[in-house]
Amino acid sequence: MVDRFVSVIIPTYNRKDMLKECLDSLFNQTYPKDKYEIIVVNDGSTDGTEEVLKEYAKKAPCKFKWFTQQNKGPSAARNLGVKNARGEIICFIDDDCVAEKKWIENLISGFVMEKIGGVGGKIKAYNPKTSVEKYARIDQESAIRNSFLITCNAAYRRDVLESVNGFDSNLRYGGDDIDVGIKVKQMGYELKYAPDAIVYHKHRTTLNDLIKQRYNYGVGEAILSKKYGYSSIFMQFIIIKLLGLFYSIATLPIKFEKNMQILNVIVTSAYILGMIKGILFDRYRRERRKSEQIRLEFLEDMKILRAFRKLRKKCRLR
């Protein structure tokens, strides 16, 4: 695998201090330095990110380049990076992540067969301290079971990415990683989990930031549903989320980690409100894809439904 040239793309916006830690971890990879390049796309930052990039360009142990664009969102930034990449494999990491030393090596080792179009690594919390940071878990393995990769720790074959026209910049609030996964799976490729390819993600530290993030996810995924013309399926998804919300409320008195349950109620509510807002008031601005082309299965959320049924059964026994 070390004979493959790899491009690592980082979209960044007003996070210069986090970006430094991310770049330091990428400079310290075990993968041969002449076999990978780092591409940073500055998405219109105003916090001095450009000066940081100039500083790091001078000490980069591998090929290093950056591009600056007006603020268009992470999807557009990733697309610009892919356009200027040389790698056969394109790896993605976010500016609020820190990669383990063998990240590149372990991530691209997942491409063991031609039918594997993308590989996703494990995402761990970076030194979580607050209840909010501990709550905000990111489960890559679950995402892959649901046919997509979380792009803060993901890699795709370059030719596969180009064949699906990259990331959809209209999905600015979220859902762009789901969309790419859908398109890659439609082409007959598989997605693989690489648990040894680890990045540490700096989760949101305040409740306000977490609520905003999950609300935007809801909006973005509602717009995604309109792209594929299956808003009814997403409405079913909202119902399942509501059941999960009711379950969290109902179990508050008997759960040991009550703070986490309260957080779950608040954050799930924000997500549902975002989805409702997106379905009722937003629209997808490009040509829609046919709904019969894809069927998403939210397997993890069905666990919530089963748990709700068990709770209802227990209540009856009482």
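The values are calculated or read from the model by the stated rules, or taken from the named source; none is laboratory data. Because the structure is predicted, anything quoted here is derived from the model rather than measured. All Cβ positions, even for glycine, are placed from backbone atoms using ideal geometry, and neighbour counts span all protein chains on display. Just the protein is used for accessible areas: all its heavy atoms, side chains included, with ligands, DNA and RNA removed. Shrake-Rupley method; radii C 1.70, N 1.55, O 1.52, S 1.80 Å.
Peptides 131-137, 152-158 ranked from most to least packed by the mean count of surrounding Cβ atoms within 10 Å: 152-158, 131-137. Across the stretch 1-99, the mean sequence separation of Cα contacts (distance under 8 Å, 6 or more residues apart), normalised by length, yields a relative contact order of 46 percent.
A dipole drawn for the stretch 146-207 from +1 and -1 charges on Cβ atoms has a positive end, and of GLY175, TYR156, TYR189 the residue lying farthest that way is GLY175.
In a simple Cβ point-charge model (Lys, Arg +1; Asp, Glu -1; nothing else charged), the stretch 1-104 has a dipole of about 380 debye relative to its Cα centre. For the stretch 64-197, averaging the sequence separation of C-alpha pairs within contact (under 8 Å, six or more residues apart) and dividing by the residue count gives a relative contact order of 38 percent. With both residues required to sit in the stretch 1-154, DSSP beta bridges show an antiparallel share near 15%. Most tightly packed first, judged by the mean number of other beta-carbon atoms within 10 Å of their residues, the peptides 193-203, 272-282, 97-107 read 97-107, 193-203, 272-282.
Ranked from largest to smallest solvent-accessible area, with a 1.4 Å probe on the protein heavy atoms, TYR126, TYR13 come out as TYR13, TYR126. Quick check: from the Cα gyration tensor, does the stretch 64-195 come out rounded (a/c under 1.5), prolate or oblate? Rounded, because the longest to shortest axis ratio a/c is under 1.5.
When the solvent-accessible area of the stretch 103-165 is split by element, carbon and sulfur atoms take up 44 percent of it, the probe being 1.4 Å. Surface exposure of the stretch 81-141, expressed per residue as accessible area with a 1.4 Å probe, stands at 44 Å².
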